[in-house]
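A short reminder: the numbers here are calculations on the coordinates, not readings from a lab. Predicted, not measured: the structure shown is a model, and the values here were computed from it. Glycine gets a Cβ as well: all are built from the backbone with ideal geometry, and neighbour counts include every protein chain shown.
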Amino acid sequence: MNLGLTYLPLSVYPSEQIAPTENDLKFRKQLVRGYVHDQGAALMGGVAGHAGLFGNANDVAVIMQMLLNKGYYAGQQVLDSSVIRQYTSSQFSDNRRGLCFDKPEPDEKKDSPVTKECSLKSFGHSGFTGTFAWADPENGLIFVFLSNRVYPSADENKLAKLGIRGKIHRALYEAVKPNALLLN
């Protein structure tokens, strides 16, 4: 797989090809562009397992498709299927999260990170800055939504307040329902 995903993208791409993340007036006191937003990852040099990977929607979709394909992409095995299964499964009976990915909330009385139309086998990630990538093996769906909820300031969180990611995710499921596209 030849992807443009990278840590420290300013070493690979010109800054004008990278969207600004935040005008950070509190921690860094500058415009953040091409450097990890997460303060902990920033203090570790910009590379961390939980933050700092930059890419575009196509690159993220390729990774999610590889995970949906149990480790295979474009005829190549990238990861062993047992690793995919372990990283995308809930590991604890009292917690919905997998080792690497979030999962739907199985208890309908509790808030879930995704629309109720998602299968319990689905998995994904909703990032602090606005990223949302979700794969649903049962329905064969991948959803990638890259936005920036912290620009120009992390103080105004309209993306979460208005439930934008969930509304778009629900619209995807509505659009692919059987007979949804039948013409009268």
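A few points about this structure:
- ³J(HN,Hα), Karplus 6.51/-1.76/1.60, whole Hz, each residue of the range 149-165, x for Gly, Pro: 7, 10, 9, x, 9, 6, 5, 9, 10, 5, 4, 6, 4, 8, x, 4, 4
- Rg and Dmax of the range 1-55, both derived from C-alpha coordinates alone, stand at 11.2, 38 Å.
- Charges were assigned to the Cβ only: +1 to each Lys and Arg, -1 to each Asp and Glu. The resulting dipole of the range 99-184 about its Cα centre is roughly 160 debye.
- Protection-proxy order for peptides 139-147, 5-13, each taking the mean of Cβ atoms within 10 Å per residue, highest first: 139-147, 5-13
- Magnitude of the charge dipole, the chain, Cβ model with Lys/Arg +1 and Asp/Glu -1, debye to 20: 200
- Label-to-label distance, Leu162 versus Phe92, with points set 7 angstrom from Cα along the beta-carbon direction: 3.5 nm.
- For the range 124-137, backbone phi angles converted through the Karplus equation (6.51, -1.76, 1.60; θ = phi - 60°) give residue-by-residue couplings of x, 8, 10, x, 4, 7, x, 5, 8, 9, 9, 10, 10, x Hz, Gly and Pro being listed as x.
- Which listed pairs, of Lys29/Lys116; Lys29/Lys158; Lys26/Lys158, have C-alpha distances above 29 Å, in listed order: Lys29/Lys116
- Under Stokes-Einstein, with the Kirkwood radius over Cα pairs as Rh, the value for the chain at 25 °C and 0.890 mPa s is 137 µm²/s.
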